[in-house]
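All remarks here apply to the structure that follows.
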Amino acid sequence: MWTVRAVERRIGALPRVVLDVSLAAGLTLVALLLGHERPPEGWQPLDTRGYALTVVANMVLVGRRRAPLAVFLAVCGLWLVHILRGYWPVIDSAAMMLAAYTVAASRPPRVAGLCALAGWAMWMISGASNGRSDMLTVSAQAVVVPLALWWFGSSARRLGERNRQLSAVTRQLRREQAENARRAVAEERVRIARELHDVVAHHMSVISVQAGLAHYVFTTDVGTAREALGTISAVSGEALEELRRLLAVLRVGPEGVGESAGDGPYQPTPGLDRLEETAERVRAAGVDVRLEITGERRALPPGPDLCAYRVVQEALTNVIKHARPARATVRVDFEAHRLTVRITDDGRNGGTPPPGKRPDPAIPDRSSGHGLIGMRERARIYGGTLAAGPRGEGGFEVRLTLPL
């Protein structure tokens with residue numbers, strides 16, 4: 001179905017040359033049809049030269065965007081010849097008005113004012129060339145028409161300049177946003193790499209201790225030495241896997257997740273065993289947190305354990321920042337081959353208002369931001385998935401799934 005906006009989009013998609021040629025051809029056709037009619041008393045009907053002059057005066061408008069001032073002068077010169085040969089001035093007046101508007105819309109106000117003054121002079125000449133003209137009416141038209149063209153053209157020029165400025169500001173903001181995102185990616189990349197470095201350092205410490213033990217009892221306790229070598233084999237395999245993940249992080253950087261106070265360089269790597277401690281800190285901040293752990297709880301590799309803990313930590317931090325007062329539930333499901341962590345709350349989310357209501361700009365949108373992107377990147381490193389978004393019954397939900 002054709003609508004006004006659809007027609008505008010289709011017309012705007014056409015090349016400017018096509019539009020200019022079409023407009024000039026349309027004005028030429030209207031002028032020829034007007035010239036075909038019987039002119040008012042005192043004016044000569046168009047002959048072959050008149051028709052040719054009308055076609056040239058209107059078709060020269062094709063170049064009005066490239067050289068608006070030259071086109072205006074050419075149209076005025078042809079219109080003056082048209083008037084001096086006694087033809088009805090109204091026939092080519094539309095060409096002069098469009099040329100004057102184009103100058104006002106694309107050139108400084110001083111130039112546009114001079115063209116408006118030239119239009120006034122041409123209008124007065126056309127009235128004075130016929131003794132039967134009402135000069136009072138002609139004088140009024142000579143003032144009103146050029147001034148209106150100058151005003152509308154200047155308004156279009158200012159609007160165009162404002163749009164160009166807004167486009168430049170928008171491009172600059174997009175560049176700054178992209179730069180900020182890259183900076184956040186780099187910072188989070190270093191953070192996760194440092195954490196994985198701690199995990200690898202732990203593995204290497206275990207390997208060093210077990211290697212020393214095996215060397216010490218190699219000849220006196222073969223069973224202990226064999227057990228130590230088996231531990232070295234298992235731990236070295238985990239260390240290699242963590243190194244691969246570390247390299248993956250250094251190649252593709254996630255986006256920022258805030259550290260909690262106390263996660264210093266000499267603190268043990270946090271994991272799900274610190275959930276109760278984290279929940280207590282969140283409760284002290286004014287958010288009621290309930291922990292639910294289902295399934296057979298077991299020790300996890302340091303990497304996935306840290307990933308699950310960081311996701312819970314970030315999700316609860318978002319509740320404190322954006323959804324207080326609220327109640328939150330952290331549910332950890334230990335299944336046979338995967339770990340599922342679900343953090344839900346009944347707080348507010350600025351990005352998803354209730355049906356029929358507009359978003360409140362005072363409430364931040366939790367559906368976007370560096371934190372969620374960072375959580376997704378952590379899950380991806382360990383082959384898992386993370387989904388986050390508002391719940392239908394209200395509040396927000398973050399769901400992490402990690403293969404075990």
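A short reminder: the numbers here are calculations on the coordinates, not readings from a lab. Since we're looking at a predicted model, the values are computed, not measured. Using ideal geometry, Cβ is built from the backbone for each residue, glycine included, and neighbour counts are taken over all protein chains shown.
With R₀ fixed at 60 Å, the C-beta to C-beta distance from V111 to K321 puts the FRET efficiency at about 0.60.
For region 142-192, the fraction of alpha-carbon pairs lying more than 17 Å apart is 61 percent, rounded to a whole number. Charge tally for F72 (other residues, Cβ to Cβ under 14 Å; Lys, Arg +1; Asp, Glu -1): +3. This ranking places H337, H322 by how few other beta-carbon atoms lie within 10 Å of each, fewest first, which gives H337, H322.
On full extension, the segment bounded by A140 and F152 gains 2.5 nm, given 0.36 nm per residue less the C-alpha separation. Please work out the FRET efficiency for the pair S236 and I293, using the Cβ-Cβ distance as r and a Förster radius of 25 Å; give the result to the nearest 0.05. The pair S236/I293 has a calculated efficiency of 0.20. In this rough spin-label picture, where each label sits 7 Å from Cα along the Cβ direction, the E41-L19 distance is 4.5 nm.
Need one number: the % of Cα-Cα pairs in region 4-133 sitting beyond the 21 Å mark.
Counting every Cα pair in region 4-133, those more than 21 Å apart make up 43 percent.
On full extension, the segment bounded by R162 and R380 gains 74.1 nm, given 0.36 nm per residue less the C-alpha separation. What's the local net charge at M122, with K and R +1, D and E -1, over the other residues with C-beta under 15 Å away? Its environment carries a net charge of 0. Fewest neighbouring Cβ atoms within 10 Å first, the residues C76, C307 line up as C76, C307. Using r as the Cβ-Cβ distance of T170 and H337, and R0 as 60 Å, what FRET efficiency do you calculate, to the nearest 0.05? With a Förster radius of 60 Å, E is 0.80. Using a simple spin-label model with pseudo-atoms 7 Å out from Cα toward Cβ, L243 and V217 lie 2.7 nm apart.
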